[in-house]
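Below you'll find the structure, written out as structure tokens, and then a few comments.
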Amino acid sequence: MQSIILIAPPAAGKGTQSKLLTDKYNIPHISTGDLLRKASNDNTKIGLEIKDIMNKGLLVTDEIVLTLLKDRLKQDDCSKGYILDGFPRNLDQATAYLNILAEIGKPLGDVIYLDIDYETARKRIVGRLSCTKCGAIYNDQFEDSKPLHFGTCDKCGSSLMKRADDNDETFKERFNIYLKQTYPLLDFFTKKGCLYRIGSGINKERTFKEIEKIINRGNL
């Protein structure tokens, strides 16, 4: 098993596929956001620095993120592979990541691009509904994902809610940031000979099967 980087536009399913991979292959799912939150709760020099930055509403520098990531990749549970979700986000981070791998003696592994068209991704975001009690997820933009009764959870009967930032304007902004910062990584990793493309616009089960074909080199 090698390490896996998942690159995708908003709503392509990085989080869902990361969980499926972690559950089946028992390799850690590493999110830089989780690393920062965990570090900010530690009473260490870097933890206190991160907490101060976050409390001020500022962005944590790449230098700090890379330090946390390097330490995390050295841990024993990463020896058989890991999943990187949400990193790298841009070319500078990608270059720095390769430098880290060279320092700690780890291979690059597979980079998997979860491709999805703009309109399908938009509908996944703007139509998302979640149960206020059990957390079940629905979507009012797709017939097979709508609740049986409008505004009510099929599983527990509680009310459904939509997040305030699940709207067209916010999605468009997120997608444009992705195109500007993250999309250039596809060419970067293609030149490294490790990029694979998968369509993720149908359903999570089909997407996962395609990922498995890649990481198992077609031997399922």
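The values are calculated or read from the model by the stated rules, or taken from the named source; none is laboratory data. Worth saying up front: this structure is predicted, and the values here are computed from it rather than measured. Don't worry about glycine lacking a Cβ; one is built from the backbone with ideal geometry, like all the others, and counts go over all protein chains shown. Just the protein is used for accessible areas: all its heavy atoms, side chains included, with ligands, DNA and RNA removed. Shrake-Rupley method; radii C 1.70, N 1.55, O 1.52, S 1.80 Å.
See the values below:
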| quantity | calculated |
| --- | --- |
| Size of charge dipole - the chain - debye, nearest 20, with Cβ of Lys, Arg +1 and Asp, Glu -1, no other charges | 280 debye |
| Furthest towards positive pole of dipole, PRO9, PRO88, ALA102, structure part the stretch 3-114, Cβ charges | PRO9 |
| The chain: angle of helix 62-73 to the longest principal axis, Cα-based, in degrees nearest 10 | 90 degrees |
| Sum of side-chain charges, ILE125 neighbourhood, beta-carbon under 15 Å (Lys, Arg +1; Asp, Glu -1) | +1 |
| Solvent-accessible surface ranking, highest first, for LEU68, LEU48 at 1.4 angstrom | LEU48, LEU68 |
| Test item: Cα-centred dipole of the stretch 59-135, Lys/Arg +1 and Asp/Glu -1 on Cβ, debye | 440 debye |
| Nearest 10 degrees, 0 to 90: helix 168-177 Cα axis against the chain principal axis | 20 degrees |
| Which of THR61, GLY33, ILE214, positive extreme of dipole for the chain (C-beta unit charges) | ILE214 |
| 0 to 90° range, to nearest 10: angle between helix 14-25 axis and the chain longest Cα axis | 70 degrees |
| GNM top mover of LEU21, LEU160, LEU69 - the chain, alpha-carbon springs below 10 Å | LEU160 |
| Accessible area of the chain belonging to carbon and sulfur atoms, whole % at 1.4 Å probe | 49 percent |
| Per residue accessible area of the chain, 1.4 Å probe, in Å² | 57 Å² |
| Close Lys-Lys pairs in the stretch 41-154, where close means Cα under 27 Å and separation is 8 or more or interchain | 13 |
| Sequence of CYS153, CYS134 when ordered by accessible area, the most exposed leading, probe 1.4 angstrom | CYS134, CYS153 |
| Whole-number percent relative contact order across the chain, with pairs defined as alpha carbons under 8 Å at least 6 apart | 28 percent |
| Loop-resident sites, the stretch 6-38, for trypsin sites (Lys or Arg not before Pro), counting at most 13 other Cβ within 10 Å (DSSP) | none |
